[in-house]
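Enquirer: Got a structure for you, written out below as C-alpha coordinates; questions coming shortly.
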Amino acid sequence: MTIHYLNCFTSHARVPTNWHTGTLCLLIETNRGLVLVDTGLGQDDYIHRTAILRMFKIVTIVPLDPDETAFHQISRLGYALADVRHIVLTHMHFDHCGGLPDFPHAKVHVHRWEYQAFTGCRRHWTELAYVRRHIAHQPEFALYEHTGDTWFDLPAIQLPFEPYIFFVPLFGHTRGHCGVAVRTTSGWLFHVGDAAPLDFSEQAPDWLVRFVMGPHLPKLQAFKAAHPEVCMTTGHMWLDFFKTG
Ligand SMILES: [Zn+2]
(Lines give C-alpha, C1' and ligand atoms only; values in the text may rest on other atoms or scores of the structure.)
Protein backbone atom coordinates (compact mmCIF):
# COMPACT_ATOMS: atom_id res chain seq x y z
CA MET A 1 0.00 0.00 0.00
CA THR A 2 1.42 3.35 -1.04
CA ILE A 3 0.65 6.93 -0.04
CA HIS A 4 1.93 9.76 -2.23
CA TYR A 5 2.22 13.23 -0.71
CA LEU A 6 1.35 15.79 -3.38
CA ASN A 7 1.74 19.56 -3.20
CA CYS A 8 -1.20 20.83 -5.22
CA PHE A 9 -0.89 24.58 -4.57
CA THR A 10 2.29 26.47 -3.65
CA SER A 11 2.07 29.75 -1.79
CA HIS A 12 4.82 32.14 -0.64
CA ALA A 13 3.79 34.56 2.10
CA ARG A 14 4.62 38.24 1.55
CA VAL A 15 5.15 38.57 5.34
CA PRO A 16 7.06 36.76 6.79
CA THR A 17 9.08 36.39 3.60
CA ASN A 18 10.57 33.02 4.63
CA TRP A 19 7.17 31.24 4.59
CA HIS A 20 7.03 28.91 1.61
CA THR A 21 4.22 26.39 1.76
CA GLY A 22 2.46 23.77 -0.31
CA THR A 23 -1.09 22.42 0.00
CA LEU A 24 -0.95 18.76 1.00
CA CYS A 25 -3.07 16.23 -0.87
CA LEU A 26 -2.73 12.47 -0.31
CA LEU A 27 -3.00 9.86 -3.02
CA ILE A 28 -3.69 6.47 -1.43
CA GLU A 29 -3.83 3.03 -3.03
CA THR A 30 -6.81 1.19 -1.54
CA ASN A 31 -8.93 -1.91 -2.18
CA ARG A 32 -11.40 0.33 -4.06
CA GLY A 33 -8.91 2.06 -6.36
CA LEU A 34 -7.06 5.29 -5.80
CA VAL A 35 -8.36 7.62 -3.11
CA LEU A 36 -7.37 11.27 -3.32
CA VAL A 37 -7.60 13.23 -0.07
CA ASP A 38 -8.19 16.88 -1.04
CA THR A 39 -7.45 18.01 -4.58
CA GLY A 40 -5.76 21.42 -4.51
CA LEU A 41 -6.64 23.69 -7.42
CA GLY A 42 -8.08 22.24 -10.61
CA GLN A 43 -7.11 22.87 -14.22
CA ASP A 44 -9.96 25.29 -14.78
CA ASP A 45 -8.85 27.44 -11.83
CA TYR A 46 -5.72 28.31 -13.80
CA ILE A 47 -7.76 29.42 -16.81
CA HIS A 48 -10.71 31.10 -15.12
CA ARG A 49 -9.33 32.46 -11.88
CA THR A 50 -11.92 32.67 -9.15
CA ALA A 51 -12.45 35.88 -7.15
CA ILE A 52 -11.08 34.24 -3.99
CA LEU A 53 -7.92 33.16 -5.85
CA ARG A 54 -7.43 36.70 -7.17
CA MET A 55 -7.81 37.98 -3.60
CA PHE A 56 -5.38 35.32 -2.32
CA LYS A 57 -2.88 36.52 -4.91
CA ILE A 58 -2.84 39.97 -3.30
CA VAL A 59 -1.84 38.67 0.15
CA THR A 60 0.51 35.89 -0.98
CA ILE A 61 2.78 35.17 -3.93
CA VAL A 62 1.35 32.18 -5.78
CA PRO A 63 3.31 30.83 -8.75
CA LEU A 64 0.10 29.29 -10.22
CA ASP A 65 1.84 26.49 -12.05
CA PRO A 66 -0.72 24.14 -13.68
CA ASP A 67 1.82 21.32 -13.34
CA GLU A 68 0.85 21.35 -9.64
CA THR A 69 -2.67 20.08 -10.31
CA ALA A 70 -3.40 16.60 -8.95
CA PHE A 71 -4.50 15.82 -12.52
CA HIS A 72 -0.98 16.34 -13.91
CA GLN A 73 0.87 14.91 -10.92
CA ILE A 74 -1.13 11.67 -10.89
CA SER A 75 -0.48 11.22 -14.62
CA ARG A 76 3.23 11.82 -14.06
CA LEU A 77 3.21 9.11 -11.38
CA GLY A 78 2.06 6.70 -14.09
CA TYR A 79 -1.54 6.15 -12.92
CA ALA A 80 -4.61 6.33 -15.12
CA LEU A 81 -6.79 9.27 -14.04
CA ALA A 82 -9.85 7.03 -14.23
CA ASP A 83 -8.32 4.97 -11.41
CA VAL A 84 -9.08 7.85 -9.02
CA ARG A 85 -12.46 6.48 -7.97
CA HIS A 86 -12.90 8.33 -4.69
CA ILE A 87 -12.09 11.79 -3.36
CA VAL A 88 -12.15 12.41 0.40
CA LEU A 89 -12.38 16.08 1.40
CA THR A 90 -11.26 17.63 4.68
CA HIS A 91 -13.40 20.61 3.66
CA MET A 92 -14.57 22.38 0.54
CA HIS A 93 -12.49 25.55 0.38
CA PHE A 94 -11.26 26.41 -3.14
CA ASP A 95 -7.69 25.31 -2.43
CA HIS A 96 -8.85 21.87 -1.19
CA CYS A 97 -11.54 20.92 -3.70
CA GLY A 98 -10.89 22.98 -6.85
CA GLY A 99 -9.71 19.84 -8.61
CA LEU A 100 -13.05 17.99 -8.31
CA PRO A 101 -14.03 18.73 -11.96
CA ASP A 102 -10.79 17.05 -13.13
CA PHE A 103 -12.13 13.72 -11.78
CA PRO A 104 -15.79 13.84 -12.81
CA HIS A 105 -16.42 10.14 -12.20
CA ALA A 106 -14.96 10.03 -8.70
CA LYS A 107 -17.32 9.69 -5.73
CA VAL A 108 -16.84 12.56 -3.28
CA HIS A 109 -16.78 11.72 0.44
CA VAL A 110 -17.38 14.65 2.78
CA HIS A 111 -19.05 15.39 6.10
CA ARG A 112 -22.74 16.23 5.67
CA TRP A 113 -22.38 19.54 7.52
CA GLU A 114 -19.61 20.62 5.14
CA TYR A 115 -21.74 19.83 2.11
CA GLN A 116 -24.64 21.75 3.68
CA ALA A 117 -22.41 24.74 4.42
CA PHE A 118 -21.09 24.70 0.84
CA THR A 119 -24.49 24.43 -0.82
CA GLY A 120 -26.55 26.48 1.67
CA CYS A 121 -26.69 30.11 2.71
CA ARG A 122 -23.38 31.70 3.61
CA ARG A 123 -23.23 32.33 7.36
CA HIS A 124 -19.57 32.83 8.10
CA TRP A 125 -16.69 34.77 6.55
CA THR A 126 -14.68 31.57 5.86
CA GLU A 127 -17.48 30.49 3.49
CA LEU A 128 -16.27 33.14 1.03
CA ALA A 129 -13.65 30.53 0.12
CA TYR A 130 -16.30 28.18 -1.27
CA VAL A 131 -16.61 28.25 -5.09
CA ARG A 132 -19.88 26.73 -6.24
CA ARG A 133 -18.70 25.90 -9.75
CA HIS A 134 -16.34 23.31 -8.24
CA ILE A 135 -19.33 20.94 -8.07
CA ALA A 136 -21.14 22.17 -11.21
CA HIS A 137 -20.41 18.79 -12.83
CA GLN A 138 -22.70 17.24 -10.17
CA PRO A 139 -20.44 14.56 -8.75
CA GLU A 140 -21.86 11.70 -6.74
CA PHE A 141 -21.53 12.48 -3.04
CA ALA A 142 -21.27 10.18 -0.01
CA LEU A 143 -22.21 12.25 3.05
CA TYR A 144 -21.27 11.28 6.59
CA GLU A 145 -22.36 12.11 10.10
CA HIS A 146 -21.06 10.92 13.42
CA THR A 147 -21.78 7.29 14.18
CA GLY A 148 -20.39 6.93 17.69
CA ASP A 149 -17.10 5.41 16.48
CA THR A 150 -13.80 6.55 17.86
CA TRP A 151 -10.26 6.57 16.54
CA PHE A 152 -7.80 6.58 19.46
CA ASP A 153 -9.78 8.74 21.90
CA LEU A 154 -11.32 11.03 19.28
CA PRO A 155 -14.82 10.83 17.77
CA ALA A 156 -14.42 9.40 14.27
CA ILE A 157 -16.32 8.07 11.25
CA GLN A 158 -14.99 5.02 9.43
CA LEU A 159 -14.99 5.30 5.62
CA PRO A 160 -15.52 2.22 3.44
CA PHE A 161 -11.90 1.54 2.45
CA GLU A 162 -9.03 -0.76 3.24
CA PRO A 163 -6.54 0.17 4.53
CA TYR A 164 -8.68 1.91 7.14
CA ILE A 165 -9.50 5.55 6.58
CA PHE A 166 -11.43 7.61 9.18
CA PHE A 167 -12.91 11.07 9.21
CA VAL A 168 -12.04 12.78 12.50
CA PRO A 169 -14.47 15.70 12.89
CA LEU A 170 -12.61 18.91 13.71
CA PHE A 171 -15.27 21.52 13.13
CA GLY A 172 -14.40 25.19 13.32
CA HIS A 173 -12.23 26.15 10.35
CA THR A 174 -15.44 25.39 8.46
CA ARG A 175 -18.78 24.00 9.65
CA GLY A 176 -18.02 20.41 8.61
CA HIS A 177 -14.21 20.35 8.54
CA CYS A 178 -12.70 16.91 9.31
CA GLY A 179 -9.24 15.50 9.75
CA VAL A 180 -8.45 12.24 7.95
CA ALA A 181 -6.67 9.31 9.66
CA VAL A 182 -5.13 6.64 7.42
CA ARG A 183 -3.74 3.26 8.46
CA THR A 184 -0.28 2.93 6.92
CA THR A 185 2.08 -0.01 6.72
CA SER A 186 4.02 1.36 9.69
CA GLY A 187 1.21 2.83 11.81
CA TRP A 188 -1.10 5.80 11.38
CA LEU A 189 -1.08 9.05 9.45
CA PHE A 190 -3.31 11.78 10.94
CA HIS A 191 -3.87 14.57 8.48
CA VAL A 192 -5.61 17.37 10.40
CA GLY A 193 -6.28 19.59 7.38
CA ASP A 194 -6.73 23.26 8.25
CA ALA A 195 -7.46 22.64 11.94
CA ALA A 196 -3.85 23.44 12.90
CA PRO A 197 -1.11 25.73 11.60
CA LEU A 198 2.24 24.65 10.20
CA ASP A 199 4.28 22.53 12.64
CA PHE A 200 1.34 22.58 15.08
CA SER A 201 3.04 25.56 16.68
CA GLU A 202 1.61 28.88 17.75
CA GLN A 203 3.18 31.30 15.31
CA ALA A 204 0.22 33.62 15.77
CA PRO A 205 -1.74 34.81 18.83
CA ASP A 206 -4.15 32.27 20.31
CA TRP A 207 -7.24 34.25 19.36
CA LEU A 208 -6.14 34.45 15.71
CA VAL A 209 -5.41 30.70 15.45
CA ARG A 210 -8.82 29.99 16.97
CA PHE A 211 -10.53 32.51 14.68
CA VAL A 212 -9.03 31.06 11.49
CA MET A 213 -8.56 27.36 12.30
CA GLY A 214 -11.10 26.62 15.01
CA PRO A 215 -10.63 25.55 18.64
CA HIS A 216 -8.64 22.32 18.23
CA LEU A 217 -4.96 23.29 18.38
CA PRO A 218 -4.43 22.57 22.13
CA LYS A 219 -6.14 19.17 21.76
CA LEU A 220 -4.08 18.32 18.66
CA GLN A 221 -0.84 19.40 20.33
CA ALA A 222 -1.71 17.15 23.30
CA PHE A 223 -2.50 14.25 20.94
CA LYS A 224 0.82 14.75 19.12
CA ALA A 225 2.74 14.71 22.42
CA ALA A 226 0.87 11.60 23.64
CA HIS A 227 1.24 9.70 20.35
CA PRO A 228 4.68 10.36 18.86
CA GLU A 229 4.23 7.16 16.81
CA VAL A 230 1.42 8.80 14.78
CA CYS A 231 2.63 10.83 11.79
CA MET A 232 0.72 14.12 11.80
CA THR A 233 0.36 16.54 8.89
CA THR A 234 -1.53 19.76 8.23
CA GLY A 235 -3.33 21.07 5.14
CA HIS A 236 -0.47 23.43 4.35
CA MET A 237 3.09 22.19 4.89
CA TRP A 238 6.55 23.75 4.44
CA LEU A 239 7.76 23.23 0.87
CA ASP A 240 10.72 21.26 2.27
CA PHE A 241 8.28 18.55 3.40
CA PHE A 242 7.47 17.71 -0.21
CA LYS A 243 11.16 17.44 -1.13
CA THR A 244 11.83 14.94 1.60
CA GLY A 245 8.41 13.22 1.24
ZN1 LIG B 1 -9.42 26.01 4.30
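Enquirer: What does the C-alpha gyration tensor say about the overall shape of segment 96-186? Classify as rounded when a/c is under 1.5, otherwise prolate if a/b is larger than b/c, or oblate.
Expert: Working: a/c = 2.18, a/b = 1.36, b/c = 1.60.
Cα axes put segment 96-186 in the oblate bin.
Enquirer: Right, next: Residues with beta-carbon under 11 Å from that of VAL131, excluding VAL131: net charge, scoring Lys, Arg +1 and Asp, Glu -1?
Expert: Result for the local shell: -1.
Enquirer: A follow-up question, please. Can you tell me how the chain classifies by the Cα gyration tensor, rounded, prolate or oblate, using a/c under 1.5 as the rounded cut?
Expert: Because its axes are fairly even, with a/c under 1.5, the chain counts as rounded.
Enquirer: Round to a whole angstrom and tell me the spacing of the C-alpha centers of segment 1-80 and segment 128-194.
Expert: 18 Å
Enquirer: Then there's this: Between beta-carbons, use under 11 Å as the cut-off and find the net charge around ASP83, counting Lys and Arg +1, Asp and Glu -1.
Expert: Working: positive: ARG32, ARG85; negative: GLU29.
Neighbourhood net charge equals +1.
Enquirer: Can you compute the charge dipole magnitude of segment 121-185 about its Cα centre, using +1 on each Lys and Arg Cβ and -1 on each Asp and Glu Cβ, nothing else charged? Give it in debye, rounded to the nearest 20.
Expert: 420 debye
Enquirer: Counting only heavy atoms of the protein chains, get the accessible area per residue of the chain (1.4 Å probe) and round it to a whole Å² value.
Expert: 45 Å²
Enquirer: Quick one: which residues, 5+ away or cross-chain, put their amide H under 5 Å from the amide H of HIS177? H built at 1.01 Å from N.
Expert: Result for HIS177 returns GLY172.
Enquirer: Something else about it: Please find the FRET efficiency linking PHE152 to ARG49, where r is the Cβ-Cβ separation and R0 is fixed at 45 Å, and quote it to the nearest 0.05.
Expert: Efficiency computed from Cβ-Cβ geometry: 0.65.
Enquirer: Along the charge dipole of the chain, which of HIS4, THR119, ASN31 sits closest to the positive end, that is, farthest toward it, with unit charges on the beta carbon of Lys, Arg, Asp and Glu (+1, +1, -1, -1)?
Expert: Positive-end residue among those listed: THR119.
Enquirer: Over the chain, what percent of the accessible surface lies on carbon and sulfur atoms, probe 1.4 Å?
Expert: The value for the chain is 57 percent carbon and sulfur by accessible area.
Enquirer: Something else now. Quick query: amide H of TRP19 versus all other amide H atoms, modeled in the peptide plane; which residues come in under 5 Å with a sequence gap of 5 or more or a different chain?
Expert: Answer set, sorted by chain and number: ALA13.
Enquirer: Let me make sure I get this right: for segment 1-142, a, b and c are the square roots of the gyration tensor eigenvalues over alpha carbons, sorted descending. Under 1.5 in a/c it's rounded, otherwise prolate if a/b > b/c, else oblate. Which is it?
Expert: It is oblate, given that a/c is not under 1.5 and a/b is not larger than b/c.
Enquirer: Follow-up. Just to confirm a number: summing +1 for Lys and Arg and -1 for Asp and Glu over residues other than ILE157 whose beta-carbon lies under 14 angstrom from that of ILE157, what do you get? Please report the intermediate quantities before stating the final value.
Expert: Numbers: positive: ARG112; negative: GLU114, GLU145, ASP149.
Its environment carries a net charge of -2.
Enquirer: Oh, and also: Mind checking which lysines have their Cα closer than 23 Å to the Cα of LYS219? Skip sequence neighbours fewer than 8 apart in that chain.
Expert: Within the straight-line cut-off, LYS219 pairs with nothing.
Enquirer: Given points 7 Å out from each Cα along the Cα-Cβ axis, report the LEU77 to SER186 separation in nanometres with one decimal.
Expert: 1.8 nm
Enquirer: In whole Hz, with x marking every Gly and Pro, tabulate ³J(HN,Hα) for segment 120-134 from phi via Karplus 6.51 cos²θ - 1.76 cosθ + 1.60, θ = phi - 60°.
Expert: For segment 120-134, the Karplus-derived couplings read x, 6, 6, 10, 9, 4, 5, 6, 5, 8, 8, 10, 4, 5, 5 Hz, x marking Gly and Pro.
Enquirer: While we're looking at this one, here's another question. Please list the non-local residues whose amide H lies under 5 Å from the amide H of VAL108, H modeled 1.01 Å from N, same-chain partners needing a gap of 5 or more.
Expert: Under 5 Å from the amide H of VAL108: ILE87, GLU140, PHE141, ALA142.
Enquirer: So what J values fall out for segment 206-219 if you push phi through Karplus, 6.51 cos²θ - 1.76 cosθ + 1.60 with θ = phi - 60°, rounded to Hz, Gly and Pro as x?
Expert: Using θ = phi - 60°, the values come out as 3, 4, 6, 4, 5, 5, 8, 10, x, x, 8, 4, x, 5 Hz.
Enquirer: Also, I was wondering about something else. Going Cα to Cα from LYS224, which lysines come in below 30 Å? Please leave out same-chain ones fewer than 8 positions away.
Expert: Filter leaves LYS243.
The values are calculated or read from the model by the stated rules, or taken from the named source; none is laboratory data. Remember, it's a predicted structure, so these values are computed and weren't measured experimentally. Methodologically, a virtual Cβ is constructed for each residue, glycine included, from the backbone with ideal geometry; neighbour enumeration extends over all protein chains shown. Each accessible area value is taken on the protein alone, full model and side chains, heavy atoms only, with ligands, DNA and RNA left out. Shrake-Rupley method; radii C 1.70, N 1.55, O 1.52, S 1.80 Å.
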